[in-house]
Amino acid sequence: MIALRRARLADAPGIAAAHAATWRSAYANILPESYLAGLSIARLARHYEQMIRLGQGVHVAASYGMPGAPPVLGFAIAARAREPHLGEGEVEMLYVLDDYRDQGLGGQLLRAAAKYLGQRGCGSAYAWVLRDNPSRYFYQHLGGRRVADGTTRVCGEEIAQTAYAWDPLTSLLDVTA
Ligand SMILES: CC(C)(COP(=O)(O)OP(=O)(O)OC[C@H]1O[C@@H](n2cnc3c(N)ncnc32)[C@H](O)[C@@H]1OP(=O)(O)O)[C@@H](O)C(=O)NCCC(=O)NCCS
């Protein structure tokens, strides 16, 4: 069984493992190899433990009684916008393990993130995605409107990224219902 729910402290190591696995897969040929190789699951676990302890908007797709499946199959992080001109809330992260894609988990996690933002009074939302990442078409497919282009700095390299927005936020809830 797969449960979509808010993350608990015990999920932190599973989220960290999912983070490292999905980044190494999705960002090979996009982010510097040394950066991806250097991702530390122990350090990431401490980071996620702290986020969960602070009550931040972390959601997981958790596996139960699935032999051989990792404990966390995907996760999403949402928060009030860092760039309010793009929207009131931000989906900061959304990742699903390669072997568990195309089963609806990404859409459900995005919906959980949108609900979380709506409950905190956000009427719109956006997400940044690396421009060379084919997953950006996922956001387009779910009605995200391209609202900005920019760059993010990773290991001293400037990487192109694009922001997709949903305004009103209810359009995202409708499309993922
Ligand atoms: C993007 C991602 C989260 C999608 O997760 P997923 O579980 O495969 O998505 P779902 O199965 O819920 O798909 C929902 C819908 O989006 C569509 N979709 C999924 N990936 C897509 C893509 N890359 N391009 C276009 N449409 C896509 C599905 O066909 C489905 O459409 P439908 O509802 O009309 O049938 C996943 O591919 C992923 O983790 N990618 C790597 C990490 C990443 O780049 N994250 C985003 C940047 S923060």
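Worth a mention:
Per-residue answers, yes or no, for (1) aliphatic (A, V, I, L, M); (2) touching a Pro at 6+ places or on another chain (Cβ under 7 Å); (3) surrounded by 14 or more Cβ atoms within 10 Å (Cβ to Cβ):
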{"position": "Ser124", "(1), (2), (3)": "no, yes, yes"}
{"position": "Asn133", "(1), (2), (3)": "no, no, yes"}
{"position": "Leu142", "(1), (2), (3)": "yes, no, yes"}
{"position": "Val175", "(1), (2), (3)": "yes, no, yes"}
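- Subset of the range 90-105 (residues that are in a loop (DSSP other than H, G, I, E, B) and either within 7 Å of the ligand (Cβ to nearest atom) or farther than 22 Å from Ala17 by Cα (or both)): Arg101, Asp102, Gln103, Gly104
- Selection status of Gly87, surrounded by 15 or more Cβ atoms within 10 Å (Cβ to Cβ), more than 9 Å from the ligand (Cβ to nearest atom) and at positive phi: yes
- Selected residue (only one of Ala78, Ala12 is in contact with a Phe, Trp or Tyr (Cβ under 6 Å, 6 or more places away or on another chain), buried (at least 19 other Cβ atoms within 10 Å of the Cβ) and assigned to a helix (DSSP H, G or I)): Ala12
- Test: residue in the range 106-128 that is without any contact (Cβ under 8 Å) to a residue 12 or more places away in the chain, over 20 Å from Ala81 (Cβ atoms), near the ligand (Cβ under 8 Å from one of its atoms) and not in a strand (DSSP E or B): no
- Total residues in the range 129-155, condition aromatic (Phe, Trp, Tyr) and either more than 7 Å from the ligand (Cβ to nearest atom) or farther than 16 Å from Ala114 by Cα (or both): 2
- Residue under evaluation Leu73, criteria (1) modelled with pLDDT of 95 or more; (2) part of a helix (DSSP H, G or I), criterion not met: (2)
- For the criterion of being aromatic (Phe, Trp, Tyr) and within 15 Å of the chain's Cα centre (by Cα), Trp128 passes.
- Residue match in the range 68-80 (condition: in contact with a His (Cβ under 6 Å, 6 or more places away or on another chain), farther than 26 Å from Arg145 by Cβ and of a type outside the set (Lys, Arg)): no
- Looking only at residues of the range 1-36 that are aromatic (Phe, Trp, Tyr) and within 11 Å of the ligand (Cβ to nearest atom), we find that the one that is farthest from the chain's Cα centre (by Cα) is Tyr27.
- Checking Leu39 against (1) under 23 Å from Cys155 (Cα atoms); (2) within 15 Å of the ligand (Cβ to nearest atom); (3) touching a residue at least 60 places away in the same chain (Cβ under 8 Å); (4) over 14 Å from the mean Cα position of the chain (by Cα), the condition it does not meet: (3)
The values are calculated or read from the model by the stated rules, or taken from the named source; none is laboratory data. Because the structure is a prediction, the values reported are computed rather than measured. We place every Cβ from the backbone using ideal geometry, glycine too, and count neighbours over all the protein chains shown.
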